[in-house]
Amino acid sequence: MRIKIDGKYQGILFIICAAFFFSLMTFFVRLSGDLPTMQKSFFRNCVAAVVSVIMLARSEEKFKVQKGSWPFLFLRAGFGTTALIFNFYAVDHMNLADANILNKLSPFFAILMSWMILKEKPSKRDLATVAVAFLGAVFVAKPTPDVASVPAILGILGGFGAGVAYTFVRKMGFMGERGGVIVAFFSLFSSLVALPFLIFDFHPMTLAQFGALVGAGFAGMGGQFSITAAYTKAPAKEISVYDYTQVIFAAVLGFVFFGQIPDWLSVVGYVTIIGAAVFRWWQGMREEQA
């Protein structure tokens with residue numbers, strides 16, 4: 001007997017898978033050591049580009065793109081590439097869990113951008129939880145009287161870029177665009193952006209570093225396919241709470257392999273951001289059952 005799972009629960013499953021893969025990706029990026037951020041970005045995206053293009057070539061529709069998708073493919077790729085570079089910089093210069101939680105501001109940005117772009121109007125409660133999430137980000141960023149650290153600022157901006165990118169993913173989902181096309185275009189675009197930096201500032205790698213970057217590429221590819229599927233199956237406001245499992249995965253990896261223990265301010269930030277997401281999800285579930 002075949003069990004049918006509706007779009008919302010498919011979205012939940014995919015977004016948890018994405019959280020695991022992306023935490024694994026940041027782990028491999030950190031494990032690759034002291035290499036330029038753009039070099040890491042290139043290898044992470046190059047692997048995904050090669051595999052996704054091969055998958056498209058073997059598909060029935062090949063490289064066919066839906067009419068009207070091109071502008072949104074470029075917007076998704078542009079914002080997504082910027083977010084990836086900023087996130088990698090934060091991963092290299094911050095506690096692994098801290099960098100991941102700042103990137104997990106993306107679902108809140110997705111709510112705001114879905115309002116502007118997709119006309120999916122959020123409730124007052126949704127907007128309130130966005131404000132609380134940013135308060136949590138302040139605890140993680142730990143700004144000085146002058147300015148927050150550069151890695152923390154870039155981590156927050158990375159979350160913004162990812163949120164905008166996922167909004168365009170959802171829009172293309174409405175248009176019937178295939179996930180493979182979205183992933184392949186993003187991966188190729190990101191690789192081409194990073195290529196000039198790789199050519200003019202290439203740092204020799206050990207076999208272990210190369211293996212770590214290949215691992216980051218495969219993990220990132222798994223995350224991209226999963227997150228693309230998630231946001232084409234269900235709205236951000238219904239599934240985004242599950243995206244925060246990435247912080248748990250990242251914290252475990254950071255502790256086990258790097259001995260990283262978040263300080264109390266970071267923990268307060270985690271609880272604030274995740275608590276806001278859980279509260280919004282819980283209230284939404286109560287309304288559905290009423």
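Within the range 147-175, residues that are in contact (Cβ under 8 Å) with a residue 24 or more places away in the chain have Cβ atoms under 8 Å from residues that are charged (D, E, K, R) and surrounded by 21 or more Cβ atoms within 10 Å (Cβ to Cβ) in these pairs: 152/98; 155/98; 159/104; 165/76; 168/76; 169/76; 172/76; 173/233, counting only partners at least 6 apart in sequence or on another chain. Residues in the range 104-129 that are open to solvent by less than 40 Å² (accessible area, probe 1.4 Å) and free of Cβ contacts under 8 Å to residues at least 60 places away in the same chain: 109, 113, 118. Identification of helices (runs of 4 or more DSSP H) wholly contained in the range 34-153 with 3 or more residues that are within 25 Å of residue 171 (Cβ to Cβ) yields 37-57, 70-93, 106-117, 124-141. Exactly one residue out of 131, 194, 152 is of a type in the set (A, V, I, L, M) and modelled with pLDDT under 80, and it is 131.
Taking the range 160-178 as the range and being at pLDDT 85 or above, open to solvent by less than 30 Å² (accessible area, probe 1.4 Å) and among the aromatic types (Phe, Trp, Tyr) as the test, only 168 passes. Counting only helices (runs of 4 or more DSSP H) that fall entirely inside the range 171-290 and contain at least 2 residues that are aromatic (Phe, Trp, Tyr) and more than 17 Å from the chain's Cα centre (by Cα), the qualifying elements are 179-200, 245-258, 264-289.
The values are calculated or read from the model by the stated rules, or taken from the named source; none is laboratory data. None of the values given here were measured: they were computed from a predicted structure. Glycine also receives a Cβ, built like all others from the backbone with ideal geometry; neighbour counts cover every protein chain displayed. Quick note on the areas: whole protein, heavy atoms, side chains included, nothing else; ligands and nucleic acids left out. Shrake-Rupley method; radii C 1.70, N 1.55, O 1.52, S 1.80 Å.
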